[in-house]
Amino acid sequence: MTVHDVAIIGSGPAGLTAAIYAARANLQPLLLGGIEFGGQLMITTDVENYPGFPEGILGPQLMDLWRKQAERFGTRVVEKNVTKVDFKTHPFKLWCDEEQFQARSVIVATGASAKWLGLPNETRLRGHGVSACATCDGFFFKEKEVVVVGGGDTAMEEANFLTRFASRVTVVHRRDTLRASKIMQERALKNPKIQFVWDSEVVDVLGQKGVEGVALRNLKTGATRTFPCQGFFLAIGHKPNTDVFRGQLDLDDKGYMVVRNHTRTSVEGVFAAGDVSDTRYRQAVTAAGAGCMAAMDAEKWLEEKGGH
């Protein structure tokens with residue numbers, strides 16, 4: 001069986017950048033990209049904050065360019081999900097269902113997924129007024145009314161950020177008090193552009209081609225009503241895609257990969273990059289930077305272990 005110098009799990013900005021750097025270092029990387037190739041940018045319509053694209057670029061188009069660049073330097077791409085790993089023996093073993101791969105080093109770049117509410121029209125209107133990233137999409141809501149769902153720090157941060165663009169931001173929360181830290185609460189409560197709808201949940205997103213409103217239900221009275229808005233932001237957290245690594249690598253209490261010395265995980269020779277270990281920034285550009293670091297760390301580690 002072929003033992004690859006480096007196997008990269010994940011095909012978002014971190015995974016593909018790691019592949020470009022590893023390929024250029026002549027490591028002939030294997031990229032196990034998953035069946036949903038390209039990560040979260042595949043559900044982003046316009047990417048306007050990635051450097052080098054002054055006119056903006058469509059998320060899927062950017063990921064396609066990224067992939068071509070990785071393949072040009074000799075990355076082997078396999079569009080299958082990794083279903084099992086064994087990092088307890090060397091070389092490391094990775095399975096995509098029945099198919100097994102082996103590698104001397106591994107870069108985990110499986111990302112994180114935004115938590116969604118599972119509403120009937122949420123997926124249909126994703127990228128057409130429904131978003132889970134205010135910093136990515138806030139710019140498109142100039143002088144529009146938007147709704148933010150959530151009661152934690154992320155929700156308050158997103159709501160405050162959106163007031164730079166939106167004419168009004170309405171935070172919908174299931175309880176009558178926020179979970180957010182005191183400083184974040186105060187900032188949001190003092191902001192004249194932010195209003196709150198308490199003890200309520202969003203039961204659906206309304207609109208044909210774009211968001212026209214949300215259906216709200218009061219959890220105390222059971223009454224439902226239509227609330228007009230042009231944007232709907234989810235801020236109920238992210239879930240790192242790390243289930244397959246449980247028991248193999250150290251994860252924090254939220255499931256994020258624990259890294260030390262930049263990209264090193266708890267197992268020597270296994271590195272992590274991007275949203276899978278980033279609880280703070282979650283941007284394509286920071287994920288790409290981490291992918292570059294992981295590839296360089298893997299190359300250096302292989303060299304120390306007797307060359308590749």
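The values are calculated or read from the model by the stated rules, or taken from the named source; none is laboratory data. Fair warning: this is a prediction, and the values are worked out from it, not measured in the lab. Ideal geometry is used to build each Cβ from the backbone, glycine not excepted, and the neighbour counts take in all protein chains shown.
Structure notes:
- Selection of first residues in the range 78-92 that are touching a residue at least 60 places away in the same chain (Cβ under 8 Å) and surrounded by 14 or more Cβ atoms within 10 Å (Cβ to Cβ) and of second residues that are in a loop (DSSP other than H, G, I, E, B) and of a type in the set (Gly, Ala, Ser), restricted to Cβ pairs under 8 Å at least 6 apart or on distinct chains, gives the following pairs, ordered by first then second residue: 82/34; 90/269; 92/269.
- For the range 22-51, the set of residues classified as at positive phi and surrounded by fewer than 24 Cβ atoms within 10 Å (Cβ to Cβ) consists of 26, 28, 34, 38, listed by residue number.
- Scope the range 5-16; condition surrounded by 24 or more Cβ atoms within 10 Å (Cβ to Cβ) and either in a loop (DSSP other than H, G, I, E, B) or not aliphatic (A, V, I, L, M) (or both); matching residues: 10, 11, 12, 13, 15
- For the range 253-308, a residue qualifies if it is polar (S, T, N, Q) and not in a helix (DSSP H, G or I), and the qualifying residues are 261, 263, 265, 266, 277, 279, 283.
- Every test in (1) of a type outside the set (S, T, N, Q); (2) on the phi < 0 side of the Ramachandran plot; (3) buried (at least 18 other Cβ atoms within 10 Å of the Cβ) is passed by residue 207 save one, and that test is (2).
- Unique match (being touching a His at 6+ places or on another chain (Cβ under 7 Å) and not in a helix (DSSP H, G or I)) among 210, 222, 247: 210
- In the set (1) at pLDDT 95 or above; (2) more than 20 Å from the chain's Cα centre (by Cα), residue 81 fails one condition alone, (2).
- Complete set of residues in the range 1-55 that are over 17 Å from residue 292 (Cβ atoms) and of a type in the set (S, T, N, Q): 2, 28, 40, 44, 45, 49
- Within the set 19, 112, 103, the sole residue that is of a type outside the set (S, T, N, Q), closer than 30 Å to residue 211 by Cβ, crowded, with 22+ Cβ neighbours inside 10 Å and touching a residue at least 60 places away in the same chain (Cβ under 8 Å) turns out to be 112.
- The set of residues from the range 252-282 being farther than 20 Å from residue 88 by Cα and surrounded by fewer than 18 Cβ atoms within 10 Å (Cβ to Cβ) comprises 253, 254, 261, 262, 279, 280, 281.
- Answer residue from the range 219-258, given it is closer than 27 Å to residue 84 by Cβ and among the basic types (Lys, Arg) and is modelled with the lowest pLDDT among those: 239
- Tally of residues being farther than 12 Å from residue 230 by Cβ and either in a loop (DSSP other than H, G, I, E, B) or not assigned by TED's automatic domain parsing to the domain that holds residue 197 (or both) across the range 122-140: 6
- A Cβ distance below 9 Å, combined with a sequence gap of six or more or placement on separate chains, defines the contacts here; from the range 235-262, residues that are without any contact (Cβ under 8 Å) to a residue 60 or more places away in the chain and within 19 Å of residue 34 (Cα to Cα) reach residues that are among the small types (Gly, Ala, Ser) and surrounded by fewer than 19 Cβ atoms within 10 Å (Cβ to Cβ) in the pairs 243/255; 246/255.
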